[in-house]
Amino acid sequence: MSSTLITIERFLLEQQPHSAEGDLTTLFYDIALAAKMIAKQTRRSALLDILGYEKTTNIQGERQRKLDVYADEMIYRMNDHTGRLCAMVSEERDDWIPIPANYKKGKYVLVFDPLDGSSNIDTNVTIGTIFGIFRALDLNNRGRLEDCLRSGKELVAAGYIIYGTSTMFVYSAGQGVHGFTLDPEIGEFLLTHENMRFPEKPTYYSMNYGAYSYWDPGVQAFGDWLQTAQETPLSARYIGSLVGDFHRNLLYGGIYGYPAEKKYSNGKIRLLYEAGPMAFLAEQAGGYGSDGYGSLLEIKPKTIHQRTQVFLGNREIVQKAEEFIRKTNLSK
Ligand code: AFP
């Protein structure tokens, strides 16, 4: 635990002055405030009868959980009026979200998955919020769909909040990855994990082998290699929550993969507000994020809910996935 009490805002202002361009620092404050509200609800969801489903489905065709909708509303309401954003994109909303006409448009774009891992909510398993921040393309013409359809390499910052045994806010503004743990007694996120980096030696792999028969042959060959060809066998850990699996692998080393498969022919994970931000963090922590063919950060989404295959984690393991996929495709 850090001996001095350093909040996210103080860390940005003191440690990363060039990132703390005023608006960015306060934007992080706004996201952290929404995260505290969401954390409070996730701790009490069963007591507040906000488990279970809404009657609605989102554009993904997924039935919306009450907590999904609550988290989406919280982030939207904390950010629609601040004058820091000119557009938002949420997994829970069909189209990109303009700033209401009566509010000032800011220079940033916020893309987010308000609650990733929703299938875990009722089972009390770790869930998370994922976000990415872009600058508007043209400050004289800000708040357009074009401002939202951006590749991960254009991110100014990205992060996630993980609602687990404790609530953590993990982000990067381009100078390393830093983790802050919520002290619910004082309602502040305090620095506990400065400069998080993937350990050299991987420990875990996180892939849903239940879908193995639907994977491409190259991915199957990689999956076999992961399980059988390691000097020190890796341990399987897959909890159905990208944020939870990624966070563990960041701390102990490993890889998370969601390969394309029968039900998700392009992969399940959304490029703009899940894969891109997580790949940004992976690279900032010395790792790598790939769609199996190249860096996820290089892919520019054509639509805001575009999906992709992902491999995220220790660079050499992710590059091994690319190697197996390339070799198998060449032999076709
Ligand atoms: P949900 O938010 O719909 O639960 O999806 C979570 C997720 O996008 C990712 O966080 C998990 O790793 C993955 O899907 C789990 O998907 P499967 O249940 O198909 O393994």
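Are there trypsin sites (Lys or Arg not before Pro) in segment 199-293 that DSSP puts in a loop and that have at most 10 other Cβ atoms within 10 Å, and which ones?
Values: sites: Arg237, Arg248, Lys262, Lys263, Lys268, Arg270; in loops: Arg237, Lys262, Lys263, Lys268.
Answer in residue order: Lys262, Lys263.
Using θ = phi - 60° and the Karplus relation 6.51 cos²θ - 1.76 cosθ + 1.60, list the HN-Hα couplings for segment 78-88 in order, rounded to whole Hz, with x at every Gly or Pro.
3J(HN,Hα) across segment 78-88, in whole Hz: 6, 10, 6, 10, 7, x, 9, 10, 10, 6, 9.
So who's got an amide H within less than 5 Å of the one on Tyr288, skipping anything under 5 residues away but keeping other chains? H placed 1.01 Å off N, in plane.
The answer is Gly313, Arg315.
Using just the helices of the chain, give the 222 nm mean residue ellipticity in deg cm²/dmol: DSSP H runs with n ≥ 4 each add -39,500 (n - 2.57), and the total is spread over all residues, rounded to 500.
Computed mean residue ellipticity for the chain: -9000 deg cm²/dmol.
Which longest uninterrupted range of the chain lacks any GluC sites (Glu not before Pro) assigned by DSSP to a loop state (not H, G, I, E or B) and surrounded by at most 10 other Cβ atoms within 10 Å?
Numbers: sites that count: Glu185, Glu200, Glu231.
After excluding every exposed loop site, the longest remaining stretch is 1-184.
Can you give me the long-range amide H partners of Met196? Hydrogens built in the peptide plane at 1.01 Å from N, cutoff under 5 Å, separation of 5 or more residues or another chain.
Residues meeting the criterion, in which the H sits 1.01 Å from N, are Val177, His178, Gly179.
Only Cα pairs under 8 Å and at least 6 apart count here; give the relative contact order of segment 8-193 as a rounded whole percent. Before the final figure, lay out the partial values.
Numbers: 340 pairs, mean separation 28.4, N = 186.
After rounding, I find 15 percent.
Where both residues lie in the chain, what percent of DSSP beta bridges are antiparallel, nearest 5? Don't jump to the answer; show the numbers that get you there.
On the way: 46 of 56 bridges.
Rounded to the nearest five, the antiparallel share is 80 percent.
Semi-axes, largest first, in whole Å: what does sqrt of 5 times each Cα gyration tensor eigenvalue give for segment 205-281?
Working: eigenvalues 75, 66, 19 Å².
Ellipsoid semi-axes (Å, largest first): 19, 18, 10.
Less than 16 Å apart at the alpha-carbon level, and either on another chain or at least 8 residues along: which aspartates and glutamates does that give for Lys201?
Cross-link targets: Glu231, Glu316.
Please return the longest range in the chain lying between exposed loop sites, taking chymotrypsin sites (Phe, Trp or Tyr not before Pro), DSSP loop only, at most 15 other beta-carbon atoms within 10 Å, and leaving the sites out. The partial results should precede the final answer.
Values: sites that count: Tyr103, Tyr293.
Longest site-free region, per DSSP loop and neighbour criteria: 104-292.
Please report, in whole Å³, the volume per residue of the convex hull around the C-alpha atoms of segment 8-193.
Numbers: hull volume 23.0 nm³, N = 186.
Taking the convex hull of the Cα positions in segment 8-193, it is 123 Å³ per residue.
How much area per residue is accessible in segment 8-193 when the probe is 1.4 Å and only protein heavy atoms are counted (Å²)? Provide the component values of the computation, followed by the final result.
Details: 7550 Å² over 186 residues.
Computed with neighbouring chains in place, this is 41 Å² per residue.
How many percent of the accessible area of segment 204-331 is carbon or sulfur, using a 1.4 Å probe?
Working: 2450 of 5060 Å².
That fraction is 48 percent.
Provide the percentage of antiparallel DSSP beta bridges, counting only those with both residues in segment 148-289; round to the nearest 5.
On the way: 17 of 22 bridges.
Antiparallel: roughly 75 percent of the beta bridges in segment 148-289.
Taking the Cα atoms of the chain, what is the range of coordinates along each of the three principal axes, in descending order and whole Å?
Over the chain, Cα extents along the principal axes are 58, 44, 43 Å.
Specify the angular offset, from 0 to 90 degrees and rounded to the nearest 10, of the alpha carbon long axis of helix 23-44 from the longest principal axis of the alpha carbons in the chain.
70 degrees
Ignoring ligands, DNA and RNA, what accessible area per residue does segment 204-331 give at 1.4 Å, in Å²? Intermediate values should be presented prior to the final figure.
Working: 5060 Å² over 128 residues.
Heavy-atom SASA per residue in segment 204-331 reads 40 Å².
On average over all directions, what projected area in square nanometres does segment 104-219 have, based on the convex hull of its Cα atoms? Show your work: numbers first, answer last.
Values: hull surface 46.8 nm².
Taking the Cα atoms of segment 104-219, their convex hull projects to 11.7 nm² on average.
Just tell me which lysines come within less than 23 Å, Cα to Cα, of Lys107; anything on the same chain fewer than 8 places away is out.
Within reach: Lys153, Lys300, Lys302.
From the backbone phi of segment 248-258, what are the Karplus-calculated ³J(HN,Hα) couplings (6.51 cos²θ - 1.76 cosθ + 1.60, θ = phi - 60°) in whole Hz, Gly and Pro given as x?
Along segment 248-258, the couplings run 5, 5, 5, 6, 10, x, x, 9, 10, x, 10 Hz.
So what is the relative contact order for the chain, in percent, with contacts set as C-alpha pairs under 8 Å and at least six apart? Could the numbers behind the result be given before it?
On the way: 721 pairs, mean separation 50.8, N = 332.
Result for the chain is 15 percent.
Taking amide H positions as placed 1.01 Å from N in the peptide plane, with prolines and chain starts having none, which residues 5 or more places from Ala157, or on another chain, fall under 5 Å of its amide H?
Answer set, sorted by chain and number: Ile133.
Please report the accessible area of Ile186 (heavy atoms, 1.4 Å probe, ligands and nucleic acids excluded) in Å², nearest 10.
The accessible area comes out at roughly 90 Å².
Note the angle between two axes, namely the Cα long axis of helix 217-228 and the longest principal axis of the Cα atoms of the chain, as a number of degrees from 0 to 90, rounded to the nearest 10.
The angle comes out at about 90 degrees.
The values are calculated or read from the model by the stated rules, or taken from the named source; none is laboratory data. Fair warning: this is a prediction, and the values are worked out from it, not measured in the lab. Please note: Cβ atoms are built from the backbone with ideal geometry, for glycine as well, and neighbour counts cover all protein chains shown. Heads up: the accessible areas ignore ligands, DNA and RNA and are worked out on the full protein's heavy atoms, side chains in. Shrake-Rupley method; radii C 1.70, N 1.55, O 1.52, S 1.80 Å.
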